[in-house]
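Please treat every number below as a calculation from the coordinates, not as lab data. Quick caveat: nothing in here was measured; it's all calculated off a predicted structure. Please note: Cβ atoms are built from the backbone with ideal geometry, for glycine as well, and neighbour counts cover all protein chains shown.
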Amino acid sequence: MLAFVGSQEQFAQSRECFCAKMQLKPPTKPKLCLGLMPREECDSYCDIIPGLPEDLAKICLALVPRSHFPVMGAVSKRWMSFLESKELIAVRKEVGKLEEWVYVLTPDAGTKGSHWEILECSGQKQSLLPRMPGLTKAGFGVVVIGGKLFVIAGYAADQGKECVSDEVYQYDSCLNRWTVLAKMNVARCDFACAEVNGVIYVAGGFGLNGDCLSSVEVYDPEQNKWTLIESLRRPRWGCFGCSIEGKLYVMGGRSSFTIGNSRFVDVYNPNKHAWGEVKNGCVMVTAHAVLGEKLFCIEWKNQRSLAIFNPADNSWQKIPLPLTGSSNARFSLGVHEDKLLLFPLQEEPEYQTLMYDPAAPMGSEWCTSKLKPSGSCLCSVTIKA
């Protein structure tokens, strides 16, 4: 049986904090697993922790460090069911045990492949994730919901855009495992995607025949189902998506209806099930991240400044990056502890990750961070679980 390590005072404080917000169920008599009952059926009837109310037992499991969850999942089906549920994240948040880890996708040395790794932060040692299922992809989308990372569509990196995918994979950061999810209705690459109100939206991109797409679909994690919804007003590819104030913003990239890059911003309101439009956008964005209620971008033609979008008044602000050297250097953006991370897209051994704190006094917003990938950073996500 797994031992729960921690001081009695810490446990009492966590229990008191959580019990103040929820009413514990009265103790129930432990159910006995009969000797002739199959193990699977026994697991479904036994208490999570014999002798403890279910709510208190869940608090006990949630207090354990996240790195132990994969082993704990093998104890019983009841434990596994709780560890892979949304309830686990909610309970860990209530007791103040959420851990924030930064994951980066970096290329494999000497090959076209890539791998995900966890950066060393908050006491977590740098480590590799299990290999993603399927072929090595490019032009895919990534979204985080709760403690899970979704890798969506794209095309086979060694076969080019002729091999566009409709496959979707999910990585569970608590159980350290990948699973294959329902396929999309439309195979696509180089599209926009984002999580809005607990579901995933995917818009535009290139299709199987190289056509520029306007179709949009939404994924419900509870039903493991993709559903087509109202399309974009124009086909769009090379764009990106983000969630701000409960709405989906699609911007950047190109449209087949315009010559050159598109500055139009498509805005989807889930409550009204309708698209709107903002004309003041940005073009050909190479990196983006949402911090608070603002969007931070780096544009392809200007790698030496951050473009910051404020949806409150649809305004843009630009601030210079404290960089020297080649103006052709490109970067990837990440988020950690409410600060913006600036990773290099090229191998630069002497480069230190930069960190931008929007809440810092003027003149001291930039500093260096100890977080550093083993190679160049192709993509970065932050998972709290």
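Quick one: order C242, C46, C377 by neighbouring beta-carbon count within 10 Å, fewest to most.
C46, C242, C377
Give me S364, S305 ranked fewest to most by other Cβ atoms within 10 Å of their Cβ, as a rough exposure proxy.
S364, S305
Past 21 Å, Cα to Cα, is the threshold; run K58/K97; K183/K272; K112/K161; K247/K294 against it and keep the listed order.
Beyond 21 Å: K183/K272.
Taking 35 Å as R0, compute the FRET efficiency from the Cβ-Cβ separation of R330 and K279 and round it to 0.05.
So the FRET efficiency works out to roughly 0.80.
Using DSSP to define loop residues, name the GluC sites (Glu not before Pro) in region 274-323 whose beta-carbon has at most 11 other beta-carbon atoms within 10 Å.
For GluC sites (Glu not before Pro) across region 274-323 that sit outside H, G, I, E and B with at most 11 neighbouring Cβ atoms in 10 Å, the list reads E293.
I'd like the Karplus ³J(HN,Hα) series for region 142-150: coefficients 6.51, -1.76, 1.60, θ = phi - 60°, whole numbers in Hz, and an x wherever there's a Gly or Pro.
Values per residue, Gly and Pro as x: 10, 9, 10, 10, x, x, 10, 9, 10 Hz.
Mind checking the full-extension length gain between Q223 and W300? Use 0.36 nm per residue of separation minus the Cα-Cα distance, one decimal, nm.
Taking Q223 through W300 to full extension adds about 23.9 nm, to one decimal.
Which length gain, in nm to one decimal place, applies between L378 and A360 when the Cα-Cα distance is subtracted from 0.36 nm times their residue separation?
Stretched fully, the L378-A360 segment lengthens by 3.7 nm.
Skipping prolines and chain starts, which residues have an amide H placed within reach, meaning under 5 Å, of the one on K225, given they are 5 or more residues away or on another chain?
D220
What does the highest-first list of 331-340, 189-198 look like by mean Cβ count within 10 Å?
189-198, 331-340
Can you order the peptides 213-220, 178-185, 243-250 by their average number of other Cβ atoms within 10 Å per residue, highest first?
Put in order of decreasing packing, that is 213-220, 243-250, 178-185.
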